[in-house]
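The values are calculated or read from the model by the stated rules, or taken from the named source; none is laboratory data. Everything numeric in this text was worked out from a predicted model, so none of it was measured. Remember, those area values only see protein heavy atoms, side chains included, never the ligands or the DNA or RNA. Shrake-Rupley method; radii C 1.70, N 1.55, O 1.52, S 1.80 Å.
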Amino acid sequence: MNRDLLLSHEELNRYLNNFNYSGFYELANSYHYKDCNYNIFDFKNTVKYFDLFRYFSINLQYFKYLNLHRETNKNVLDLGSGFGYLGFLCQYHNHAYTGIDLDIEIYNDMFKFFNLEKKICNIQPDEVIALDKKYDYVISVMIQYAKKWTEDNWFNFLNNLKPYLNQDAKMFFRFIRKNLSQPFFLDFLKALERNTADYDYQREEFLIVVRKLN
């Protein structure tokens, strides 16, 4: 992320001023977080996300990148929502938030802790996610669910989302560096072209921002 998005301690403290630290670390200890010697690229190690300041800061940078900190009352859909840190930020700014992820106990516990709406779903390209409203923002970070997807899978996935996008909706897909040369990422770009989508590919940030699907 660019330097304008770097965070100060004062900014973090503003968001976390009334944070329930005791409840958070009680939950963290129930999952033996203190014994977790994790690698940040080990995506199977979900306990690492109790590293509050690291992962909250990362999510706040994404949040600021989309200017969600300057808006209110937007509908936000988070695909692969994990711990729900983005949802916590949405609550702070009075956005309506829906997280989508697998039925994983540690994730479910965090959504209960944050009092967030979650739909349990294994995201599949050819299946319509059961949504009940339209969204202004669709956010997906790291995108582990799509690593075996083809161009047709991506194309179907995007088409299935269209009915749930408001007119000026934005979609934000952030990958990790090693994904940028892998087939599923290149097929995503092909699916966007096939859809004649209006999008930006910002390689230095490993992200795609989609402004319109046709």
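Computed with a 1.4 Å probe over protein heavy atoms only, the accessible surface of the stretch 58-154 comes to 43 Å² per residue. Note on ARG54: accessible area is roughly 90 Å² with a 1.4 Å probe, heavy atoms of protein only.
Summarised as an ellipsoid, the chain has semi-axes of 28, 19, 18 Å, derived from the eigenvalues of the Cα gyration tensor scaled by 5 and square-rooted, with the largest first.
For the pairs LYS162/LYS212; LYS48/LYS147; LYS112/LYS134; LYS64/LYS148, note any where the Cα-Cα span goes beyond 18 Å. From LYS162/LYS212; LYS48/LYS147; LYS112/LYS134; LYS64/LYS148, over 18 Å: LYS48/LYS147; LYS112/LYS134; LYS64/LYS148. Shown for the stretch 110-170 is the translational diffusion coefficient from the Stokes-Einstein equation, using the Kirkwood radius over Cα pairs, a temperature of 20 °C and a viscosity of 1.002 mPa s: 163 µm²/s.
Of the heavy-atom accessible surface of the chain (probe 1.4 angstrom), what whole percent is carbon and sulfur? Display every interim value, and only then the final one.
Details: 5050 of 11030 Å².
Answer for the chain is 46 percent, counting heavy atoms of protein chains only.
With distances taken between every two different alpha-carbon atoms, the stretch 43-89 has a Kirkwood hydrodynamic radius of 11.6 Å. Compared with the dominant principal axis of the Cα atoms in the chain, helix 105-114 is inclined by about 70°. In whole percents, the pair-distance distribution calculated for the stretch 64-126 from its alpha-carbon pairs, binned every 5 Å from zero, is 4, 19, 30, 21, 14, 9, 2. Between 0 and 90 degrees, the angle of helix 151-161 with respect to the longest Cα principal axis of the chain falls at about 70 degrees. The GNM of the chain, with springs linking C-alpha atoms under 10 angstrom apart, assigns the highest mean-square fluctuation among LYS64, LYS119, LYS133 to LYS133.
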